[in-house]
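What follows is a single structure, written as structure tokens, with notes after it.
The values are calculated or read from the model by the stated rules, or taken from the named source; none is laboratory data. Only a predicted model underlies this, so the values are computations on that prediction, with no experimental measurement involved. Methodologically, a virtual Cβ is constructed for each residue, glycine included, from the backbone with ideal geometry; neighbour enumeration extends over all protein chains shown. To get the accessible areas, we keep the full protein, side chains included, count just its heavy atoms, and leave off ligands, DNA and RNA. Shrake-Rupley method; radii C 1.70, N 1.55, O 1.52, S 1.80 Å.
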Amino acid sequence: YDELPLETRQAVEQALSGIISAKKKGGKVVVVTGSGPNLHEGVTTLIAELIRKGIIDGVTTSSAVVAHEMAGVLD
């Protein structure tokens, strides 16, 4: 984290603040993602772990992502 550029750290802090705020109010956090070369197994594994930890409550995406990239990870 410390090696990230300041602008990236600020974006992470802003995202975390939003997630924490939503959770404290009883809200849900959903990842919205599409298919494409930017989503790969490493990212889907991270999303699955965040779901297991209760940080992310759901994912909305295209059928291509579910069928080809996330199906095995979310089993």
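Do we find a residue being β-branched (V, I, T), modelled with pLDDT under 70, out of contact with any Leu (no Cβ under 8 Å at 6 or more places or on another chain) and surrounded by 11 or more Cβ atoms within 10 Å (Cβ to Cβ) anywhere in region 2-20?
So far as region 2-20 goes, no, none of its residues is β-branched (V, I, T), modelled with pLDDT under 70, out of contact with any Leu (no Cβ under 8 Å at 6 or more places or on another chain) and surrounded by 11 or more Cβ atoms within 10 Å (Cβ to Cβ).
Does region 31-50 contain any residue that is modelled with pLDDT of 95 or more and either charged (D, E, K, R) or open to solvent by 60 Å² or more (accessible area, probe 1.4 Å) (or both)?
No, because not a single residue in region 31-50 is modelled with pLDDT of 95 or more and either charged (D, E, K, R) or open to solvent by 60 Å² or more (accessible area, probe 1.4 Å) (or both).
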